[in-house]
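What follows is one structure encoded as structure tokens, with my remarks underneath.
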Amino acid sequence: MSRKGKALAAVITLLFIGLVVWTVRSIPTGHLPMQTTDDSRVMSYDGNTISEEKDGRKIWELTAQHIEMNLDTKDATMTGITGHFYAEDGRVVDVKAEKASYDAATKDVKIEDGIEITTSDGASMKSDELLWTAAEDMLTAQGNVYMAKDDMQASGDSITSKDGFNQLTLTGNAYITKADMEASGSSITSEDGLKQFTIEGPVHVSKGDMSATGDRLETTPNVTKIKLIGHVHIKQ
């Protein structure tokens, strides 16, 4: 091979390594089966971990039983998922699911099928999908959302959060029960993991022998007191 041909081959090799380095950033010990198909331009791995960093801080990682990466787009699909999302304040959201996908252009992650979510401060959640939106640093659990922590249970269509589901917004058929109170509305917002929260109406609430409706409900910590605002109607 000529000197020019050798140089060209070296460049091609470096480009190929550059394509796969993201996927194999964290390689498990032991044998790593790998398959490539020229026609589909897809590379397959078994038992590998991919992760994303921002400003030197790891923001998420996903370990999968099987990963397929498109060599042209660097998009990836994964099955058999165990994942971790790291909030800036140290909270961690752990997730297990059947499958996930990564969009290299947006750096977004979509996790779905058999989702089980737990947080480092004691909450457990289920949903149809869990989405990471990189541009907003936001996690969204959507579709048949259920969340439980201590004596609190909440449900709705979607929960969004930027800090591991401590500060959060629950929207769509929002419902919560805590201690002896049940309430529902169009949305529920909280700054402390639903220890204290605000519900936007129309609000329906019951606590003990009292039930009421209104436009907005605010609580004190641990729901020791509630305040109903706007078009209030009380039944006892």
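Throughout, read-outs are computed from the coordinates displayed, never taken from laboratory work. Not measured: the values here are computed from a predicted model. Cβ: placed from backbone, ideal geometry, glycine included. Neighbour counts: every protein chain shown.
What number of residues within the range 175-221 satisfy the criterion of being under 19 Å from K149 (Cβ atoms) and loosely packed, with under 15 Cβ neighbours inside 10 Å? Of the residues in that region, 6 qualify.
Candidates in the range 153-165 are the residues that are touching a strand residue (DSSP E or B) at 6+ places or on another chain (Cβ under 8 Å) and not in a strand (DSSP E or B); of these, the one that is surrounded by the most Cβ atoms within 10 Å (Cβ to Cβ) is F165.
Which residues, taken from the range 105-133, are touching a Ser or Thr at 6+ places or on another chain (Cβ under 6 Å) and not acidic (D, E)?
Taking the range 105-133 first, the residues touching a Ser or Thr at 6+ places or on another chain (Cβ under 6 Å) are 108, 110, 115, 118, 124, 131.
Listed by number, the residues that qualify are K110, I115, T118, S124, L131.
When N222 is tested against (1) in contact (Cβ under 8 Å) with a residue 24 or more places away in the chain; (2) in a strand (DSSP E or B), exactly one condition is not met: (2). Taking the criterion of being farther than 27 Å from G193 by Cα, surrounded by fewer than 17 Cβ atoms within 10 Å (Cβ to Cβ) and aliphatic (A, V, I, L, M), the residues of the range 72-107 that qualify are A104, A105. Considering the range 70-115 alone, what residues qualify as being among the hydrophobic types (A, V, I, L, M, F, W, C), in a strand (DSSP E or B) and under 16 Å from the mean Cα position of the chain (by Cα)? If the condition is that a residue be among the hydrophobic types (A, V, I, L, M, F, W, C), in a strand (DSSP E or B) and under 16 Å from the mean Cα position of the chain (by Cα), then M78, I81, F85, V92, V93, V95, A97, A100, V109, I111 are the ones that fit.
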